[in-house]
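The values are calculated or read from the model by the stated rules, or taken from the named source; none is laboratory data. Computed from a prediction, not measured in an experiment: that's the story for all the values here. In this analysis, Cβ positions are derived from the backbone assuming ideal geometry, glycine residues included, and neighbour counts consider all displayed protein chains. Just the protein is used for accessible areas: all its heavy atoms, side chains included, with ligands, DNA and RNA removed. Shrake-Rupley method; radii C 1.70, N 1.55, O 1.52, S 1.80 Å.
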Amino acid sequence: MEEEIIKKWLNNELSEEELKSFESTKEYKSYVKILDNAKYFKAPEFDADSSKESLDFAIKSRTKSNNKIVYQLIASIAAVLIIGFLIFDYTVPNQLENTKTTEIAQTHNITLPDQSIVDLNANSSIDYNEATWEEERLVSLEGEATFNVEKGKKFTVSTNYGTVEVLGTIFNVKSRDYAFQVQCIEGSVKVGIKNENYILKQHDLLKLEKDKVIIESDRSSLPDWKNNLSIVRNETLNNVLMEFQNYYDVEFETSNIDTNKTFTGSFTHQNMEIALNSITLPLGISYKIEGKKVFLTHK
Amino acid sequence: MASTKSFSDNCCKKNIFDKLYNDHSKDLHDFIYYKFGAEHNPKDKVQVAFMKLWENCKKVSPDKAKSFLFSVANNTTLNVIKHKKVVLKYESKSDRSKSDIQDPQFLMEEQEYMDKYQLALSKLTEEKRVAFLLNRVEGKKHKEIAEILGISRKAVEKRIYTALDQLRKDIDGI
């Protein structure tokens, strides 16, 4: 095919005749199909506002450490004051305690003072203390998050189930009421649960199942939620629905069905009806949505 | 005149920095994504590039900021990857047509086509893939792509054409 013709065609510069003869070639349809389908490869949506927010936040914390002298002076005065306060009142909250929380179906990208990055999944929160960060890199997590940790001193994620310790690496921690999982994506991490330590290497996935620790292999380079998916294996419907509610703001009415049935499969975080179909069809359940309530019944 | 301008206008000013962010963050994100894929977290790269710009805001004048941003994002990503094949995800077509039941034969053929397309895209060189997708998916004009990539408009046109040509030959199995 003539290079010039195609270039002109792409720029809508073909004369009527040229276009007619081009349309009659056998390649024409292939070209059109390729251009038509290119859109399915579109880059994921870029949320400029929320990214700007975390950028501003990172810049702010950077500025703090840059203005060291001023900062140290303020810090020493503050220290005296805080000690003074603490002597009289234990409950004075620390001003530099940071909490970041996501709502249902919301995710958030947070840069910590040392430039480590936390990708916070839906319905989750982290706490950390900027003031003591230099001495101790400690983050408390409720929910699920992926951590990309800058090399340095020990970095600890504390959860209701136990702690995860690393030096610098990428890993995902899921700490929900119904599940605890740690996925090591790069480097290695140490997980402490009830006085026992477990070392995870790259591609290891630790799960807590009925108080038993199981370590499996998982070679994915991103946790499932980063692909807008929840993948569940052999979970009770009850747990699956709790997971579901992290991404969709609904309540389930389940009195007519057995929620101890187990489910293996996945559901998307991007479309509630498709997600509901993915869960209910294999289990032979039908659903009805009324406002924020979803009624589940047997077929 | 030029010197007074660069003296008063520097990227440290919040309004200028914010405007640079609004103008370039999405393009930067898309560029990194089409070039390196999702694995290298384009969002982070955008953040790193703007952090660097902010740190160097006194040295970089606003008219140089754009090329500064693109080269920082490009370099930090290059440092991370050793030319792995980039496979871009496609949005599955069946997801969008919700519940209507389609002919399974048709669905399978579509699926096969998209898989072939995906493979063919991953075989293109980065530069062709980026130019092609920025143009056909993001609707960027040749001139804009030329600015982003730092090449001539003719070269952009050539890359888009060769990308399309190679994709067709690959997909049609020639």
Residue check for B:Gly139: within 12 Å of chain A (Cβ to nearest Cβ) and surrounded by fewer than 19 Cβ atoms within 10 Å (Cβ to Cβ): yes
Where A:Lys154 falls short, out of the listed (1) open to solvent by less than 20 Å² (accessible area, probe 1.4 Å); (2) free of Cβ contacts under 8 Å to residues at least 40 places away in the same chain; (3) of a type in the set (Lys, Arg): (1)
Unique match (being open to solvent by 20 Å² or more (accessible area, probe 1.4 Å), at pLDDT 90 or above and touching a strand residue (DSSP E or B) at 6+ places or on another chain (Cβ under 9 Å)) among A:Asp114, A:Asp127: A:Asp127
Matching helices (runs of 4 or more DSSP H) fully within region A:1-47 where at least 3 residues are at the interface with chain B (Cβ under 10 Å from one of its Cβ atoms) and surrounded by 13 or more Cβ atoms within 10 Å (Cβ to Cβ): A:3-10, A:28-37
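Residues checked against (1) more than 9 Å from chain A (Cβ to nearest Cβ); (2) at pLDDT below 80; (3) within 22 Å of A:Asp49 (Cβ to Cβ):
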{"residue": "B:Lys19", "(1), (2), (3)": "yes, no, yes"}
{"residue": "B:Lys35", "(1), (2), (3)": "yes, no, no"}
{"residue": "B:Glu39", "(1), (2), (3)": "no, yes, no"}
{"residue": "B:Trp54", "(1), (2), (3)": "no, no, yes"}
{"residue": "B:Phe70", "(1), (2), (3)": "yes, no, yes"}
{"residue": "B:Asn79", "(1), (2), (3)": "yes, yes, no"}
{"residue": "B:Lys82", "(1), (2), (3)": "yes, yes, no"}
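Please go through region A:157-173 and pick out each residue that is farther than 21 Å from A:Asp114 by Cβ and open to solvent by less than 20 Å² (accessible area, probe 1.4 Å). Walk me through it before giving the result.
Step one: list which residues in region A:157-173 are farther than 21 Å from A:Asp114 by Cβ, which gives A:160-162.
Passing the criteria: only A:Gly162.
For the subset of region A:212-252 comprising residues that are part of a helix (DSSP H, G or I) and polar (S, T, N, Q), which member is farthest from A:Phe180 (Cα to Cα)? First the steps, then the outcome.
Filtering region A:212-252 down to residues part of a helix (DSSP H, G or I) leaves A:224-227, A:237-244.
Checking the rest, the ones that are also polar (S, T, N, Q) come to A:227, A:238-239.
Numbers: A:Asn227: 19, A:Asn238: 16, A:Asn239: 12 Å.
Ranking the candidates gives A:Asn227 first.
Whether any residue in region A:254-262 is more than 26 Å from A:Glu103 (Cα to Cα) and aliphatic (A, V, I, L, M) is what I want to check. Before the answer, list the steps.
Applying the first criterion (more than 26 Å from A:Glu103 (Cα to Cα)) to region A:254-262 yields A:255-258, A:260-262.
Now restrict to residues that are aliphatic (A, V, I, L, M): A:257.
So far as region A:254-262 goes, yes, one or more of its residues are more than 26 Å from A:Glu103 (Cα to Cα) and aliphatic (A, V, I, L, M).
Which of the residues that make up region A:270-294 are farther than 28 Å from B:Glu91 by Cβ and surrounded by 16 or more Cβ atoms within 10 Å (Cβ to Cβ)?
Within region A:270-294, the first condition is being farther than 28 Å from B:Glu91 by Cβ, and the residues that meet it are A:284, A:288, A:290-291, A:293.
None; the set is empty.
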Some residue of region A:259-267 being open to solvent by less than 20 Å² (accessible area, probe 1.4 Å), under 18 Å from A:Ile104 (Cβ atoms) and in contact (Cβ under 8 Å) with a residue 12 or more places away in the chain: yes
Residues (more than 10 Å from chain A (Cβ to nearest Cβ) and among the small types (Gly, Ala, Ser)) located in region B:142-174: B:Ala146, B:Gly150, B:Ser152, B:Ala155, B:Gly173
